[in-house]
Every structure is written in C-alpha cells, then in structure tokens.
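Notes follow once the structure below has been shown.
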Amino acid sequence: MVLRPVPSLLATPLVASPLDADDFEQELIDQYALAQAAAGISDGYITSSRSVVFDFAQSLSGPIWSAGYADGDNFLAEQRRLGRAQSTRASKAGMIAQFYDFLIARYLGEIRAATGIVVEQPIDEWNRPSGVSLGKVRVPPSDAEVAEFFECWRLSIADARKYLPAARDYFAASLWRRVGLRISESVMLDIRDWRPDLGQIGKLHVRFGKGSRGRGYKPRLIPAINGAAELIDWWLAEVRPLFGSDWSNPDAPMLPSERIDRNLDRPLRVGPNALRRALADETEKWLPAWAGRMTPHVLRHYCASSLYGAGMDLKALQELLGHNWLSTTSQYIHVRGEHIENAWLQANARIEQRLGGDD
C-alpha cells in the first residue's frame with residue numbers, strides 16, 4: 001500500500017462548495033492513514049480501517065465532520081439489521097471511534113475554522129457494542145475431562161493409521177493446553193524457536209505473536225512450564241526426525257506437513273485448518289460431550305484457567321498469553337464454584353485463628 005503525502009491542513013480555506021467538502025474529507029482521511037502508517041500499523045489494517053470510515057461516511061447525510069451520536073446509532077443498528085456478527089460490529093465501531101478521536105485530537109480547530117462545525121464523537125459508551133466475548137464465554141472443560149481426553153488421545157497415537165500426523169496434531173494441541181499458544185503462533189514456530197538454553201527449563205520464542213490494532217507481530221519468550229519442556233523434547237528427539245532430514249535445520253518448521261516443498265526438499269509447514277480438523281475429530285472420539293465445541297481457543301482458555309487455579313497470578317498469565325491488557329487476561333479465567341467456596345473457607349479459618357489467638 002502506497003500513501004502519498006497530503007498538504008498541511010493548517011491553512012485550509014473555508015469549505016464553500018460540495019467539491020471543497022469532498023476534497024477536505026479525503027485529506028482528513030489520508031492524514032489519518034499517514035498517522036497510522038507512522039505508528040507502524042500494518043497496511044492491511046489501514047486499508048480495512050479506511051474502508052470502514054468510507055462506509056460510515058456514505059451512510060451520513062452530510063460530511064464526516066457533521067456526524068453525531070444519532071448517526072452512530074443508525075449505522076450500527078443497520079449493521080445489526082444486515083446480520084453482521086457481534087465481533088464485526090464491535091470492530092467497525094472501534095475503527096470509527098479511533099478515526100473521530102484522531103479528528104478531535106488533531107484537527108478540531110482547523111475543521112471548525114473551515115466549516116464552522118465542532119466535531120463530535122459519534123461512537124460513545126451507549127452505542128458501542130461489546131466485543132466477541134459478549135454472550136460467548138468460553139468456559140473450558142474440567143481438569144478431569146481434559147486429562148482423560150489427552151490421555152486417550154496419547155494412547156491412540158501408536159495405533160493411528162498415519163502415525164506422524166497423529167503425533168503432530170497431539171503435540172500441537174498439547175501446546176495449546178499447557179502454555180496457551182494461539183494456533184496461528186503454533187504453526188509459525190520453527191525448530192530454532194525452542195531455546196532450551198534460556199531460563200531454568202527452556203523457553204519458546206514466539207516470533208509471530210498477535211499484535212494489537214494492526215501493529216504487526218508482537219514477539220515474546222514464554223517459559224516451557226506445565227510439562228511443555230518434556231513435551232517439546234519428546235517431539236524434537238523422537239518424532240520430528242521421522243518427517244525428514246530437515247529435522248536438524250533450525251529454519252525448518254516445527255510443525256511440518258506431510259507434503260514436500262520441492263524447492264527446498266523438505267516438508268511444508270502444516271496449515272491451521274488441518275490442526276483444527278484433527279482436534280475436532282479426536283474430540284468426537286474421546287470427549288463426545290464437547291463435540292463441535294472444542295477449539296484451539298477453548299484449550300487456550302483452559303490453560304489460563306488451570307494455571308490461575310494452580311496459583312499463577314494474572315500479570316504472569318498476561319505475559320504468557322501475550323495479551324496487551326490485563327482486562328483481556330481476566331476474561332480468560334473461568335474458575336469453578338469451589339474456588340470461591342475454598343477462598344471463603346480459608347478466609348474464615350484465618351479469622352477464627354486470629355480470634356482464637358486473642359484469648
């Protein structure tokens with residue numbers, strides 16, 4: 001995506017005609033795109049954001065600086081009428097709100113001087129939809145269900161029709177369960193990304209972590225806790241070499257496909273859909289109560305909940321999962337009812353102990 005520099009708005013003349021208004025609108029949107037590019041936001045996100053802003057502008061009866069909360073209400077209500085998903089409506093609302101925050105912060109005075117209008121924020125706390133998590137809390141299976149599921153899956157690998165992909169799929173799902181990797185992060189791991197020399201138990205270098213608001217990838221190092229170190233050692237020592245001679249190439253994919261890259265003469269990288277299908281198939285066999293509901297993201301929620309239940313604090317979980325905000329991490333925590341009961345009993349026991357000590 002190529003963005004051209006646009007003239008400064010500081011000397012913008014009075015907007016006197018529809019053509020002037022169109023040109024002024026385009027300049028404002030281009031300035032916003034340039035600011036996003038300067039912040040390091042990806043071209044894809046900038047393009048998507050511009051498209052949403054243009055869609056919103058087309059829904060208005062006047063220029064973009066004339067929009068008010070009623071226009072935001074009407075646009076979002078129309079999106080809902082068209083059947084747009086909750087996450088889509090929330091994403092579009094966020095993009096529009098960001099654009100108007102930009103106008104208000106940078107060009108409020110210039111727009112007022114040119115048009116006589118004070119820009120308002122059309123997306124506010126009353127009409128902005130919540131994100132995808134609304135009404136879709138991913139409460140994961142219990143510890144006993146997950147333990148039995150993975151044990152049955154592990155024991156079935158030796159008798160699988162195709163041992164190598166069966167072992168690979170089990171390994172990938174185990175990473176989601178134990179250290180909460182995203183599926184997109186898993187498939188992009190290379191052999192070099194396992195660093196047993198770092199820390200006490202080794203660390204995984206997640207080079208393609210999810211960034212926020214289109215700001216590209218956000219790398220992180222995560223410790224191989226919760227049995228992940230032993231799992232990775234088993235995979236790299238016993239299974240990965242069977243896929244091909246590239247097992248010692250640090251640039252080879254950690255999770256290979258059965259297909260071969262003829263140019264490099266080594267296995268291709270497995271795709272996320274193959275891993276999703278495998279998880280769904282194994283769930284139908286070994287945990288049928290969760291058929292159709294078990295996903296890589298559910299296992300990521302399970303990882304967060306189980307580690308929190310075992311005593312890991314929220315800040316450490318935030319770093320492990322690669323979240324930008326602690327509030328996001330808190331949405332991943334689904335503790336059982338007995339967690340609250342146990343905390344209440346422990347608190348009462350401490351009170352009784354203190355009172356007893358005063359006698």
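With r as the distance between the Cβ atoms of residue 217 and residue 158 and R0 = 41 Å, compute the FRET efficiency 1/(1 + (r/R0)^6) and round to 0.05. In this case the efficiency is close to 0.65. With contacts taken as Cα pairs under 8 Å and at least 6 residues apart, the stretch 143-341 reaches a relative contact order of 23 percent.
Annotation: amide H of residue 190 within the under-5 Å range of 254, sequence separation 5 or more or interchain, hydrogens built in the peptide plane. Comparing 115, 52, 167 along the charge dipole axis of the chain, the residue lying farthest to the positive side is 167, per the Cβ-charge model. Among the listed pairs 210/315; 92/210; 92/315, those whose Cα-Cα separation exceeds 26 Å are 92/315.
Straight-distance candidates among the aspartates and glutamates for linking to residue 218, with alpha-carbon spacing under 17 Å and chain neighbours fewer than 8 residues away dropped: 43, 185, 190, 193, 319.
The protection proxy used here, the mean number of other Cβ atoms lying within 10 Å of each residue, ranks peptides 166-178, 277-289 as follows, highest first: 166-178, 277-289.
The GluC sites (Glu not before Pro) found in the stretch 71-168 that occupy coil by DSSP, while having at most 10 further C-beta atoms within 10 Å, are 125. Over all other residues within a Cβ to Cβ distance under 13 Å of residue 118, the charged ones net out to -1, with Lys and Arg as +1 and Asp and Glu as -1.
Stretching the chain fully between residue 27 and residue 293 yields a gain of 91.1 nm (0.36 nm per residue, less the alpha carbon separation).
In this calculation the C-beta distance from residue 352 to residue 328 is compared with R0 = 41 Å, giving a FRET efficiency of 0.60. The largest-to-smallest principal axis extents of the Cα set in the stretch 143-341 are 56, 38, 33 Å. A simple spin-label model places pseudo-atoms 7 Å from Cα toward Cβ; at residue 69 and residue 54 they are separated by 3.1 nm. Over 24 Å, how big is the tail of the calculated P(r) for the stretch 18-115, in percent of all Cα pairs? The answer is 21 percent, as a whole percent.
The numbers here are math on the coordinates, done by the rules we state, and not lab data. All values derive from a computational prediction rather than experimental measurement. Every residue, glycine among them, receives a Cβ derived from its backbone with ideal geometry; neighbour counts consider all protein chains shown.
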